[in-house]
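The values are calculated or read from the model by the stated rules, or taken from the named source; none is laboratory data. This structure is a prediction, so every number in the text was calculated from the model and none was measured. Backbone-built Cβ (ideal geometry, glycine too); neighbour counts: all protein chains shown.
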Amino acid sequence: MKRVLNNGIEIPEFGIGTYRINSKDAENAVREALKMGYRLVDTANYYQNERAVGRAIKASGVDRKEIFVSSKVWVSEYNNEHIIDDMLDRLGLDYIDLVFIHEPIGNYLKAYKTLEKAYKEGKIRAIGVSNFFTKPFLKLMEKVEITPQVAQVERHPLYVKEADEEDAAFKKYNLQIMSWFPLCRYNKKIMNSEIIVNLTKKYNKTPCQIVLRWHIQRGYIPIPGSKNIEHIKENMDIFDFELTDEEVEEINKLDINKRCERLTILSKVVCLIKHPKYDK
């Protein structure tokens, strides 16, 4: 299944993430995921596995045109006007389907202008914003020439009400929302909750599959990451059942307004000076 971005480009509604997965494992995971039928792959400068993802794409045997590849420009690279050419080189690709600004820190407006230029040149097919909350997003919208197509943000059942409020700004500009951290690292407050346990019995699915299905029906594009081939296969098996509206609402009630901490002043400084060590 695919969704249509606000520029007419199609994007798969489900994919595999590669955060915190080393090059060797990322290459194996992405290659096997593509063979299974995955068609969306997410990586980033910061993940230090772009080259591995590029090798996996080639080794999968899947036509490049069928694969939707997204990556992200890291904060310390925002002033690098050649970042897209460098990224294309690491991935070994002629174009990238989607490139995100990784964090709203530092000179992200300049980085966005670099992405707009690459978009016009056909080097990237869509532009995204990652980890943008409402205020920096709306500030960015006042200064861009090209509206972004995708927002990648933390989303899971422990963070719902405030997420809905944030999503309203993205939806105003017709952005698709990609959810990272979709399984909340297998948080027991989710996976062992009464509603999730009951639904696993009703639909004969695992807790992770129930949660990923919740993401789909919430309108998100989840990108669960894993190096475990069985988990990768399991995560994909969510399109043969559908939760009721009432069940989605019951899962929403797990909300405790919990997400990863906002960046502190110290962490912002680290982001600005920490350069990614690109994989070989």
Discussion item. With the requirement that a residue be polar (S, T, N, Q) and either in contact (Cβ under 8 Å) with a residue 24 or more places away in the chain or in contact with a Pro (Cβ under 7 Å, 6 or more places away or on another chain) (or both), what does segment 201-227 give you?
Written reply: 206, 209, 217, 226
Practice prompt. Take the residues in segment 11-59 that are touching a residue at least 40 places away in the same chain (Cβ under 8 Å) and among the charged types (D, E, K, R), then tell me which one is farthest from residue 279 (Cα to Cα).
Written response: 13
Item to complete: Exactly one condition in (1) farther than 25 Å from residue 273 by Cβ; (2) in contact (Cβ under 8 Å) with a residue 40 or more places away in the chain; (3) surrounded by fewer than 23 Cβ atoms within 10 Å (Cβ to Cβ); (4) of a type in the set (A, V, I, L, M) is not met by residue 105; state its number.
Response: (1)
Worksheet, complete the sentence: Considering residues that are in contact with a helix residue (DSSP H, G or I) (Cβ under 7 Å, 6 or more places away or on another chain), at pLDDT 95 or above, surrounded by fewer than 20 Cβ atoms within 10 Å (Cβ to Cβ) and not polar (S, T, N, Q), the number found within segment 120-157 is 7
